[in-house]
């Protein structure tokens, strides 16, 4: 099953560029949801003999990343009545160029790491580093709170990919804890989006300093 891993990782990397180059928020949500669903099945490809614990992780990841969190964000988007990221800090073409440079550097850096013999020929580490970089770009170059939540999700996706290398050594509670941290972070950001949209005409994070208790 490992032979399917690299093609799926290439799809995941392509979704990073979709997230960077699309202004329509619903499109970015769909891209991140699809990437999350892909990541959900990766444990089965990397560790086919992971057992019931791993299968449970796959199911929880698929439900949270592919269904629950995207539905939550779509609802927040509709409640805030916002469809596009109009004025990002860095324009979309520059974001794509930065994403491409970061992906290339991730490939080079991953080749210098002392990885296990079975992992040196896989795109797992470069894809994880590139996805972390993409999430960081969304977090720092987008003004809308929902887009920054999506950046946080991409950042966590990259960490999740890297964690697959240590899946057999990671305790079950740590795996579930990562997913719970993700859900908690998105929940908190949803509350922030709600308060911004209630107090102001937009959900730009520039208004965060003006919110009062």
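Every number in this text was worked out from the coordinates using simple rules, so none of it is lab data. Remember, it's a predicted structure, so these values are computed and weren't measured experimentally. A quick note on method: Cβ atoms are made from the backbone with ideal geometry, for glycine too, and the neighbour counts reach across all protein chains shown.
Here are a few things to note about the model shown:
- Calculated on alpha-carbon atoms, Rg and Dmax of region 1-75 in Å: 13.4, 41
- Based on the Stokes-Einstein relation at 20 °C and a viscosity of 1.002 mPa s, and on the Kirkwood radius from alpha carbon pairs, region 1-137 is assigned a translational diffusion coefficient of 132 µm²/s.
- Once the gyration tensor of the Cα atoms in region 1-45 is diagonalised, the equivalent ellipsoid follows with semi-axes of 23, 11, 5 Å, ordered largest first.
- FRET efficiency for residue 71 and residue 24, using Cβ-Cβ distance with R0 set to 22 Å, rounded to 0.05: 0.80
- Considering only Cα atoms, the convex hull volume of region 94-150 works out to 75 Å³ per residue.
- Sites residue 108 and residue 14, calculated FRET efficiency, Cβ-Cβ separation with R0 25 Å, nearest 0.05: 0.80
- With both labels modelled 7 Å from their Cα along Cα-to-Cβ, the residue 63 to residue 84 distance reads 3.8 nm.
- Sorting 159, 69 by the number of Cβ atoms found within 10 Å of their own Cβ, with the fewest placed first, yields 159, 69.
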